[in-house]
Structure formats: C-alpha cells, structure tokens
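Just below is one structure, and these are the notes that go with it.
The values are calculated or read from the model by the stated rules, or taken from the named source; none is laboratory data. Remember, it's a predicted structure, so these values are computed and weren't measured experimentally. Here the Cβ positions follow ideal geometry from the backbone for every residue, glycine too, while neighbour counts run over all protein chains shown.
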Amino acid sequence: MIIEIKEKKQWTFDWFKVVAIGIPALYIASLPILSTTGMNFVFAIDLMLMGTKLITIAGIVFGYVLLDSLKK
C-alpha cells in the first residue's frame, strides 16, 4: 500500500461493494448501539439474539470492505 501511495495515481472508491456488503454489515455491527436508543429496528432483536459473534464478524467484514474499496 505504501508503494501505491508513492506512485501518485488517482484514488478510486468501489461504491457497489460498499453498498452491497458494507452497509448491511455496518447495520448488523451497530445493532447494540442502535438498540439503546429505544427505536424499533427491523430484525434487530432477532439478530442480537444470535450472540456477539455475529456482531463481531459483521464489524470485521465492514472494516475489510471499507479498506478494500479504496483502490488506486
């Protein structure tokens, strides 16, 4: 990645990957925070009952997709 930064190429962002994979993963990863607001979110209780593993994996997936979407 450092070599790519030094090459001075134009950065691009893969919007399709972020919208198709990143936004749903962000929704799942942020369910514990969103549930404390008291608002009813679609499937929030069902997904949270699956445990913290799903929420952790969704956070990792979102981070990976966000970093992988930046390209030169």
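Within the stretch 43-72, work out how many residues are closer than 30 Å to ILE3 by Cα and free of Cβ contacts under 8 Å to residues at least 12 places away in the same chain.
5
Which one is surrounded by the most Cβ atoms within 10 Å (Cβ to Cβ) among residues in the stretch 19-61 that are at pLDDT below 80 and small (Gly, Ala, Ser)?
In the first step, residues of the stretch 19-61 are kept if they are at pLDDT below 80; the result is 34-51.
Of the ones still in play, those that are also small (Gly, Ala, Ser) are 35, 38, 44, 51.
Numbers: SER35: 15, GLY38: 6, ALA44: 17, GLY51: 9.
Result: ALA44.
Six or more apart or on different chains, Cβ under 9 Å: which pairs go from a residue in the stretch 22-42 that's closer than 14 Å to LYS53 by Cα to one that's modelled with pLDDT under 90 and small (Gly, Ala, Ser)? Could you list them?
These pairs meet every condition: LEU31/ALA44.
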